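Heads up, the thing below is written out as structure tokens.
The values are calculated or read from the model by the stated rules, or taken from the named source; none is laboratory data. From a predicted model like this one, the values you see are computed outputs, not experimental measurements. Note that each Cβ is placed from the backbone with ideal geometry, even for glycine, and that neighbours are counted across all protein chains shown. Calculation scope for accessible area: heavy atoms of the full protein, side chains included, ligands and nucleic acids excluded. Shrake-Rupley method; radii C 1.70, N 1.55, O 1.52, S 1.80 Å.
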Amino acid sequence: MTPHAPKRSMSPVFWLMFGAGGMLSALFGPALIVLTGIMLPFGLGVPGRFGDYAHALRFAQNPLGKLILLAVIALFFWHGAERIFLTLKDMRAGALPVLRVATYGVAALLTLVTLALLLEIGF
Amino acid sequence: MSERRPYMRAQPRDWWAHKPYLGYTLRELTGAGVALYGGILLAGLISLARGPEAFEGFRSFLTSPISLLIHLLLLAVMIWHVVTWFQTMPKTMPKLIVGGRHVPQQNLMVAGVALAALCSVALIVLVLAVGAWS
């Protein structure tokens with residue numbers, strides 16, 4: 001690296017995850033909440049068995065199902081992390097390294113947990 | 001010692017709770033709602049991985065009144081996220097020119113919200129169709 005190389009910032013990476021999560025939740029978030037929070041648990045409009053263990057397991061074992069679960073869960077966390085980090089920074093709620101660990105760090109950890117669970121559930 | 005003594009406007013610690021910043025704070029807080037919903041899905045995934053009994057526990061939570069209340073609240077937060085997301089989007093992208101004229105930001109916002117409504121309705125209709133067909 002030359003001595004005058006500009007210092008690279010990590011923020012575009014976080015910004016991309018924030019944008020992807022924001023767009024995914026803006027387009028499908030309301031429907032997802034209605035589906036998983038109201039229709040599936042109460043069997044409204046869909047057969048009651050759609051929400052049971054066997055069906056949920058089949059969905060989580062399907063490669064496309066895994067991809068949907070990973071994208072929704074991880075990107076929603078990264079979207080929230082970016083917003084909470086910037087807001088807490090503006091509120092001067094604490095030292096920046098602490099805020100980063102409490103937001104990006106948690107999002108990264110929960111992404112790994114989601115990935116591990118999806119692998120544990122198997123195909 | 002510097003002679004420079006710039007005027008520092010006093011800013012109360014709770015500036016974010018008052019107008020004109022309150023709208024900004026409420027918009028940013030929708031991010032916490034989005035993440036919380038991701039957390040509910042993750043809790044479901046954890047119980048799914050732990051076995052049928054744990055998953056039944058998660059399902060009985062989902063049918064409780066407190067869960068219904070949380071999801072209705074999250075739905076309201078999510079809808080506010082949709083509106084503010086597409087209000088902000090035209091401000092973050094280059095000006096859109098169609099036929100030599102600027103497309104007003106208001107039009108882009110309305111188009112974005114309409115697209116979001118279409119996507120959400122399409123997803124629910126798809127699930128309803130699968131349910132009716134199976």
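Every listed requirement among (1) free of Cβ contacts under 8 Å to residues at least 60 places away in the same chain; (2) within 21 Å of residue B:45 (Cβ to Cβ); (3) surrounded by fewer than 21 Cβ atoms within 10 Å (Cβ to Cβ) is met by residue A:16 save one, (2).
Which pairs turn up if I take residues in segment A:42-63 that are more than 7 Å from every other protein chain (Cβ to nearest Cβ) and look for partners that are open to solvent by less than 40 Å² (accessible area, probe 1.4 Å) and not in a helix (DSSP H, G or I) with beta carbon separation below 7 Å, at least 6 apart in sequence or on another chain? Every condition considered, the pairs that remain are A:61/A:122. When B:79, B:70, B:66 are checked against the criterion of being within 22 Å of residue B:37 (Cα to Cα), in contact with a helix residue (DSSP H, G or I) (Cβ under 7 Å, 6 or more places away or on another chain) and in a helix (DSSP H, G or I), B:79 stands alone in meeting it. For residue B:23, are the conditions met, namely being of a type in the set (Gly, Ala, Ser) and open to solvent by less than 40 Å² (accessible area, probe 1.4 Å)? Against the criterion (of a type in the set (Gly, Ala, Ser) and open to solvent by less than 40 Å² (accessible area, probe 1.4 Å)), residue B:23 does not qualify. Looking only at residues of segment A:94-108 that are part of a helix (DSSP H, G or I) and open to solvent by 50 Å² or more (accessible area, probe 1.4 Å), we find that the one that is nearest to residue B:40 (Cα to Cα) is A:106. Is it the case that segment B:47-59 has a residue that's in contact with a helix residue (DSSP H, G or I) (Cβ under 9 Å, 6 or more places away or on another chain), free of Cβ contacts under 8 Å to residues at least 40 places away in the same chain and more than 30 Å from residue A:115 (Cα to Cα)? Within segment B:47-59 (the criterion being in contact with a helix residue (DSSP H, G or I) (Cβ under 9 Å, 6 or more places away or on another chain), free of Cβ contacts under 8 Å to residues at least 40 places away in the same chain and more than 30 Å from residue A:115 (Cα to Cα)), the answer is no, since none of the residues qualifies.
For segment A:65-93, the set of residues classified as of a type in the set (Gly, Ala, Ser), closer than 17 Å to residue A:106 by Cβ and either in a helix (DSSP H, G or I) or open to solvent by less than 30 Å² (accessible area, probe 1.4 Å) (or both) consists of A:74, A:80, A:81, listed by residue number. Considering only residues in segment B:107-129 that are at the interface with another protein chain (Cβ under 8 Å from one of its Cβ atoms) and over 19 Å from the mean Cα position of the chain (by Cα), the one that is surrounded by the fewest Cβ atoms within 10 Å (Cβ to Cβ) turns out to be B:128. Here residue A:30 fulfils each of the conditions (1) over 18 Å from residue B:128 (Cα atoms); (2) more than 13 Å from the chain's Cα centre (by Cα) apart from (1).
Conditions (1) more than 10 Å from chain A (Cβ to nearest Cβ); (2) touching a Pro at 6+ places or on another chain (Cβ under 9 Å); (3) open to solvent by less than 90 Å² (accessible area, probe 1.4 Å), marked per residue:
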position	(1), (2), (3)
B:9	yes, no, no
B:13	no, no, no
B:27	no, no, yes
B:38	no, no, yes
B:42	no, no, yes
B:49	no, no, yes
B:78	no, yes, yes
B:86	no, no, yes
B:94	yes, no, no
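Matching residues to (1) touching a Leu at 6+ places or on another chain (Cβ under 6 Å); (2) at negative phi; (3) outside any helix (DSSP H, G or I):
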position	(1), (2), (3)
A:6	no, yes, yes
A:15	no, yes, no
A:23	no, yes, no
A:39	no, yes, no
A:45	yes, no, yes
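Against the numbered list (1) more than 7 Å from chain B (Cβ to nearest Cβ); (2) within 14 Å of residue A:11 (Cα to Cα); (3) charged (D, E, K, R), residue A:83 comes up short only at (1).
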